[in-house]
Amino acid sequence: MDDCIFCKISKGEIPTEFLYEDDRAVAFDDINPEAPVHVIIIPREHIPSFNDLGPEHKDLLGHLSLVMKEVARLKGVQESGYRILTNCGTGAGQVVFHLHFHLLGGKRFR
Ligand code: AMP
Ligand code: ZN
């Protein structure tokens, strides 16, 4: 997707420091953090939202889960606790329509 900001980040077209990267996933700090630790985890594949996932993405989703766990370890919040979420659709607050997960930590959540 030519005009997708997260595709551009994944391809290196927008200079962004990667906390983690492999052939299928990339993780980077959120530009507007809502917690001391706020990381965005994305698949390199352009999937607009959680609603667009299909059976063909089962392995990718499992992989992303392990990447998120690794990001939590790298950020030092694996034991203190962290929250993972995805906003699906405008009504849920999704702004970037390239599937992504937020990993938040470093503070106490209610
Ligand atoms: P969402 O509301 O779930 O679509 O969240 C999009 C998130 O992407 C927001 O938390 C933004 O701060 C974050 N974001 C947007 N552009 C960038 C960028 N260039 N680098 C890092 N994070 C970004
Ligand atoms: Zn994209």
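Read-outs: derived from the displayed coordinates by stated rules, not from any lab. Keep in mind that what you see is a predicted model, and the values were worked out from it rather than measured. Cβ coordinates were reconstructed from backbone atoms using ideal geometry, including for glycine residues, and neighbour counts include every protein chain displayed.
Can you tell me which residues in the stretch 30-63 are touching a residue at least 60 places away in the same chain (Cβ under 8 Å) and in a loop (DSSP other than H, G, I, E, B)?
If we filter the stretch 30-63 for residues that are touching a residue at least 60 places away in the same chain (Cβ under 8 Å), which is where we start, we get 30, 34-41.
Within the stretch 30-63, ASP30, GLU34, ALA35, PRO36 meet the criteria.
Among the residues in the stretch 74-82, are any in a strand (DSSP E or B), touching a helix residue (DSSP H, G or I) at 6+ places or on another chain (Cβ under 8 Å) and farther than 21 Å from LYS8 by Cα? Give the derivation first.
Filtering the stretch 74-82 down to residues in a strand (DSSP E or B) leaves 82.
Filter again for touching a helix residue (DSSP H, G or I) at 6+ places or on another chain (Cβ under 8 Å), leaving 82.
Imposing the further condition that a residue be farther than 21 Å from LYS8 by Cα reduces the set to 82.
The answer is yes; a qualifying residue exists.
Could you list, in sequence order, all residues of the stretch 3-23 that are more than 8 Å from ligand 1 (Cβ to nearest atom) and in contact (Cβ under 8 Å) with a residue 40 or more places away in the chain? Steps first, answer last, please.
Within the stretch 3-23, the first condition is being more than 8 Å from ligand 1 (Cβ to nearest atom), and the residues that meet it are 3-4, 7-8, 10-13, 15, 17-23.
Once the filter is applied, which keeps residues that are more than 8 Å from ligand 1 (Cβ to nearest atom) and in contact (Cβ under 8 Å) with a residue 40 or more places away in the chain, the stretch 3-23 yields CYS4, CYS7, LEU19, TYR20, ASP22.
So, in the stretch 90-107, how many residues would count as being part of a loop (DSSP other than H, G, I, E, B), surrounded by 12 or more Cβ atoms within 10 Å (Cβ to Cβ) and not polar (S, T, N, Q)?
So in the stretch 90-107, the residues part of a loop (DSSP other than H, G, I, E, B) come out as 93-100, 106-107.
Checking the rest, the ones that are also surrounded by 12 or more Cβ atoms within 10 Å (Cβ to Cβ) come to 94, 96-100, 106-107.
Narrowing the set further to residues that are not polar (S, T, N, Q) leaves 96-100, 106-107.
Count: 7.
What's the number of the condition VAL95 fails, among (1) within 10 Å of ligand 1 (Cβ to nearest atom); (2) touching a residue at least 40 places away in the same chain (Cβ under 8 Å); (3) of a type outside the set (Gly, Ala, Ser)?
So VAL95 meets the others, but not (2).
Restrict the check to the stretch 76-87 and report whether at least one residue is more than 13 Å from the chain's Cα centre (by Cα), among the aliphatic types (A, V, I, L, M) and crowded, with 18+ Cβ neighbours inside 10 Å.
Pass one, the stretch 76-87, residues more than 13 Å from the chain's Cα centre (by Cα): 76-82.
The next check asks that each one be among the aliphatic types (A, V, I, L, M); those that pass are 77.
Then drop every residue that is not crowded, with 18+ Cβ neighbours inside 10 Å, which leaves 77.
Yes.
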